[in-house]
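The values are calculated or read from the model by the stated rules, or taken from the named source; none is laboratory data. All figures in this text were calculated on a predicted structure; none of them were measured in a lab. Here Cβ is always computed from backbone atoms with ideal geometry, including for glycine, and neighbour counts include all displayed protein chains. Side chains are part of the model used for accessible areas, which takes the heavy atoms of the whole protein and leaves out ligands, DNA and RNA. Shrake-Rupley method; radii C 1.70, N 1.55, O 1.52, S 1.80 Å.
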Amino acid sequence: MKRILVAHDGSKASEKALKKALAIAETFDSSVTIISVIPELYLTELMEMDRTRIVDTLTEETKRMMEKIRKAPKKVKSLKTLIRQGNPAEEILEAAAKMKADVIVTGSHGRHGAQRFLLGSVSSKVVDHAECDVLVVKK
Ligand SMILES: Nc1ncnc2c1ncn2[C@@H]1O[C@H](COP(=O)(O)OP(=O)(O)OP(=O)(O)O)[C@@H](O)[C@H]1O
Ligand SMILES: [Mg+2]
């Protein structure tokens, strides 16, 4: 368990996932990378200007969130943050492959999901396609 990748979308569930990942990292002396993906906007009726503005706002929000995480006191040997743009599950899987993650940690749910589903679409796609283990932290 050398390298842990945590998927963080700003939700309570992913905050819980991060806490668990940090606890595991402390125990196993692992390095932690946290990824947050700014989703592509598919809404065709959006004007390009609005699209840009929304992406900019989301990017700012995500940067602030990552900074807060980096500043919080913790006892892990290495902590990195990544911000990507695109399809969340695909970006998470690509980052995991690139860093040769031993485990990906996600929340069971995120910011949008219908709670009646067992898993959100991002965590479910990650579980289906990851080449490494996946830890889905339940709320
Ligand atoms: N944009 C993202 N960037 C990084 N991690 C994400 C992102 N979206 C989701 N995740 C990860 O996946 C977990 C589950 O979120 P997911 O998006 O699958 O569920 P949901 O928002 O409840 O439902 P859905 O998005 O399918 O409507 C989150 O707790 C987080 O760990
Ligand atoms: Mg979601």
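In the neighborhood of Leu43, defined by Cβ-to-Cβ distances under 12 Å, what is the net charge if each Lys or Arg adds +1 and each Asp or Glu adds -1? Net local charge, Leu43 excluded: -3. Here's how it looks for Lys80: its modeled amide H is under 5 Å from those of Val32, Thr33, Ile34, which are all 5 or more places away or on a different chain.
For Val137, the residues whose modelled amide H falls within less than 5 Å of its own, excluding neighbours fewer than 5 places apart on the same chain, are Thr106, Gly107, Ser108. Amide H to amide H, with H built 1.01 Å from N, Cys132 comes under 5 Å of no residue 5 or more places away or on another chain. With a Förster radius of 41 Å applied to the C-beta separation of Asp50 and Asp102, the computed FRET efficiency comes to 0.50. GNM remark for the chain: springs join alpha carbons under 10 Å apart, and the peak mean-square fluctuation among Leu58, Leu118, Leu46 falls on Leu46. Under 19 Å from a label point set 7 Å out along the Cα-to-Cβ vector of Arg64, the amide N atoms of region 39-55 belong to 39, 52-55.
The magnitude of the dipole of the chain, with charges of +1 and -1 set on the Cβ of Lys/Arg and Asp/Glu and taken from the Cα centre, is near 840 debye. Computed from phi, the 3J(HN,Hα) profile of region 63-74 under the Karplus parametrisation 6.51, -1.76, 1.60 (θ = phi - 60°) reads 4, 4, 4, 5, 5, 4, 5, 5, 7, 5, x, 7 Hz, with x in place of Gly and Pro. Solvent-accessible area of region 3-137 (1.4 angstrom probe, protein heavy atoms only): carbon and sulfur portion equals 54 percent. Helix 12-28 and the longest principal axis of the Cα set of the chain meet at an angle near 30°. Ligands, DNA and RNA are left out, and with a 1.4 angstrom probe the accessible area of the chain is 64 Å² per residue. Normalised by the number of residues in region 49-123, the mean separation of alpha-carbon contacts (under 8 Å, six or more apart) gives a relative contact order of 19 percent.
Across the options Phe28, Leu79, Met66, the greatest Cα extent toward the positive end of the charge dipole of region 27-89 (unit charges at beta carbon of Lys, Arg, Asp, Glu) belongs to Phe28. Descending by average beta-carbon neighbour count within 10 Å, the peptides 105-111, 77-83, 3-9 line up as 3-9, 105-111, 77-83, the highest first.
Of the beta bridges in the chain, as assigned by DSSP with both residues counted there, near 0 percent are antiparallel.
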